[in-house]
1. Can you pull out every residue in the range A:101-135 that is among the hydrophobic types (A, V, I, L, M, F, W, C), within 21 Å of A:Asp299 (Cα to Cα) and under 20 Å from the mean Cα position of the chain (by Cα)?
2. So in the range A:238-261, with the set limited to residues that are of a type in the set (S, T, N, Q) and assigned to a helix (DSSP H, G or I), which one is nearest to A:Asn103 (Cα to Cα)?
3. Whether any residue in the range B:331-340 is within 14 Å of chain A (Cβ to nearest Cβ), among the acidic types (Asp, Glu) and either in a helix (DSSP H, G or I) or within 24 Å of A:Leu170 (Cα to Cα) (or both) is what I want to check.
4. Can you work out which of the residues in the range B:171-204 that are among the aliphatic types (A, V, I, L, M) and part of a helix (DSSP H, G or I) is farthest from the other protein chains (Cβ to nearest Cβ)?
5. In this structure, does A:Ile332 turn out to be touching a residue at least 24 places away in the same chain (Cβ under 8 Å) and among the aliphatic types (A, V, I, L, M)?
6. Which is away from chain A (no Cβ under 14 Å), within 21 Å of B:Pro236 (Cβ to Cβ) and free of Cβ contacts under 8 Å to residues at least 60 places away in the same chain, of B:Ser285, B:Ser268?
7. Starting from residues that are more than 17 Å from the chain's Cα centre (by Cα), in a loop (DSSP other than H, G, I, E, B) and away from chain A (no Cβ under 13 Å), keep the ones in the range B:116-139 and report whichever is farthest from A:Arg253 (Cα to Cα).
8. Within 14 Å of chain A (Cβ to nearest Cβ) and touching a His at 6+ places or on another chain (Cβ under 7 Å): is that true of B:Arg113 in this structure?
Amino acid sequence: MARLTNIQLFCILLVTLAVTPYQVMAKMLAMILAQHGWMAILGSVLPGLLLVWIYYYLLTNSSRPFPGMLEEHLGPVLGKIIGFVYIWAFFLVVVMSLVLFANFFLSNVLPGMPISILLIFIILPAFYALRTGLEATARVVELIVLTAYPLAMLLLLFGLGPETDWSRLLPLGHFDMAALGNGVWLVSSYISLMVVVLTLGPFCHQPRLLWRWMLAVFGMFLFSTLAAVIIPIVAYGPVLTSIQTFPIFNIARATDVANFIHNIEIIMVSVVMPGVFSILAIFWFVTCYSAQQVFGLQDYRILVGPTAIMAGVSAVLLVPNIHFLYIMLQQIFPWIFIILFAILPAFMVPVIWLKLRRRQDSDSKKKAAPPK
Amino acid sequence: MRRGILLGMIMLLVLSSLGGCYNRVELDETVAVTGFGLDVDKGQKVISVQIASPSGKPEGGSNAEVETMVLTESASGYAQAARQITLHFPRTPVWSLSTSIILSEALARDDLRLMMDFVSRNRFIRPNMMMFLTLGTSPEEVMQVKTPPEEYSSLALVKMMQGQESQSGIYMPVSLREFRSKYVTPGVEPVIPQVQIVEMDGEKVLQLQGVAVFLGHNMVGSLTEKESYGLRLLVPEENRGGLITVNLSGDRESGPLGEMVTMEIIRSRARSTPRLNADGSMVISVDIEADGNLYEQTTSENLQTTANLVRLEDLTSQAIKEDALACIHKAQLLKSDIFGWGSMISRQHPDLWQRLEADWPSFFASLQVEVEAKYSIRRTYLIEEAMQIRN
């Protein structure tokens, strides 16, 4: 069985959580909450902590990695049926990452490039990483996080030029509560991508210490997403942020540090690209691994080839245009994520608790009963 | 075997990328755009592009002149007009190297919407480009004016703007990013510095002259030099540089020349605060704080006395207040909130703003404004007293 160090798992979780919101959360929250977008991130602290606790509870009270733990707690039939649904849910995240990056790249950098060529260039390294194994993938992700995450934050910081106006975040506390709820729901749905910990956590050296790493990841996610949401607003204002396709990219386009550092958007692309590779490789692994568990296969690697073709084709077919992509990102994917990655695991908590309670009762009855 | 096939496939893919980026353009097939202008003519959208000479500066040392090349095309849209240039020009213009956007007055007075869409959607148009508006002429004519020692007028305009900001301090540079931000934000209207062609010793030269004021999608008027100076004093950001002339007689416009004193402004900053009166009316109170140096005096009177320095400070404060008020009155006349007071009210009093927003231009025009200016003299440079001729 492959083994991951805690820091590797930390890096894996950080990319799964941070990459997508880094690209699109500023626009989506500006559309919902205008200058109060950052409040939705703060509002998601409690749901986020609850998710961390749910995932940790499931991990420490299960002997098999997800989705095997579904069979363990819900029985083989129901477990396999739900596990089958999860294969497609994880696969959807793979496709979403591909589509999002393809649109990011084709909107901003090379609009004339055929999407198929671009997809091949993204899928191929991930394909090779998966064929090599989880440990190699984890090592690559570790390097990517250590190099690209600080650079991504630095690029955002460069966006704070002379035209930055912090008063664009005002007025505070003058917002629609329903919009705030919508924003919190949206952010929480992307936090639920941490669900991969249920599959990868058991591969970890010290699963009992996972809660610390999960909390650290959540903290880092809050920090990076807050920065990615606030900086476009103070740089452009909420109206302009909400109408730009990728406000973060425009931050890089407008960056001009002392008339010396400018035209750095290509660095932004080179930071996002390995991030997308990471989230793609991780969710792709989880998809194949889930299929292996559900169908009782010996190795997940035989699924990498067919799923690669499926992912490429689905990415071309799933989203006809960027407008529909944002509808998916804002209205369709969050529902899927919340139901499958948050509500269903949350539902398993009382199931496990009741099972444990029953087991404890029967154990105590056995002890109390006189020996025959 | 399988690893070999996989490796072979990867090698093949890597080989395919050796030719460079997907939609690369060779250097000798391109030409740099130094600036471009947008205009309207009988409903048609006109684009003029100033092209940097592909062969560089001709032989003949520093006196050699580069022939300015300006390409103009018109179509129903700006993007279409820009692409039509390729029908008669052999090289691909590289738009991302452009430093300035020059708009015509006709376009600004007509409708900015299509122009704003063009410059915001196009990924080659950089947000840091500086914006100018032509006064009484077309962008094409402005781009054709020779601006020695600069080879290209679009670049010269940018340098003129940057140079005057620290020296005279009359006009503020406006980037596309700033303009776009103000264009879409409620409660603040954008401005663009104007440029005109004037004759000097029989030669056509470019001159910065006034600031164009917008309201919604159109230009509604212009600020004079004095009002533009006032605008610069009224922005909340710290300003550095600039000169202001006062007259010891108290009459700045027609006082005796021998009593003129030029004061330098090292830095200035304005703080605007909305104040609600008990009767529901609103007053905007503006506090301008500036400090600077005595820069030039034509009088032989010793101004570096305690009493005279206080007098000079008062005169300069009064002059700053006058210029600021001149700008405010003009903006109110044009109903254009170029100071962003509406935006400020929306942040400080959101409930009140909800009531005012729909009719803000009219409300802004009737706003009561109180301006206070405080100028402090810091230094007098290399001499302390005026030069006296002794017989």
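1. Filtering the range A:101-135 down to residues among the hydrophobic types (A, V, I, L, M, F, W, C) leaves A:101-102, A:104-106, A:109-110, A:113, A:115, A:117-124, A:126-127, A:129-130, A:134.
Still in the running and within 21 Å of A:Asp299 (Cα to Cα): A:123-124, A:126-127, A:129-130, A:134.
Answer for the range A:101-135, where residues must be among the hydrophobic types (A, V, I, L, M, F, W, C), within 21 Å of A:Asp299 (Cα to Cα) and under 20 Å from the mean Cα position of the chain (by Cα): A:Ile123, A:Ala126, A:Phe127, A:Ala129, A:Leu130, A:Leu134.
2. Going through the range A:238-261, the residues of a type in the set (S, T, N, Q) turn out to be A:241-242, A:244-245, A:250, A:255, A:259.
The next check asks that each one be assigned to a helix (DSSP H, G or I); those that pass are A:241-242, A:250.
Details: A:Thr241: 18, A:Ser242: 17, A:Asn250: 15 Å.
Looking at residues that are of a type in the set (S, T, N, Q) and assigned to a helix (DSSP H, G or I), I get A:Asn250.
3. Looking for residues that are within 14 Å of chain A (Cβ to nearest Cβ), among the acidic types (Asp, Glu) and either in a helix (DSSP H, G or I) or within 24 Å of A:Leu170 (Cα to Cα) (or both), one finds none in the range B:331-340, hence no.
4. Among residues in the range B:171-204 that are among the aliphatic types (A, V, I, L, M) and part of a helix (DSSP H, G or I), the one farthest from the other protein chains (Cβ to nearest Cβ) is B:Leu176.
5. Details: touching a residue at least 24 places away in the same chain (Cβ under 8 Å): no; among the aliphatic types (A, V, I, L, M): yes.
So A:Ile332 fails the test.
6. Just one listed residue meets the conditions, B:Ser268.
7. B:Gly136
8. The answer is yes for B:Arg113.
The values are calculated or read from the model by the stated rules, or taken from the named source; none is laboratory data. Computed from a prediction, not measured in an experiment: that's the story for all the values here. Ideal geometry is used to build each Cβ from the backbone, glycine not excepted, and the neighbour counts take in all protein chains shown.
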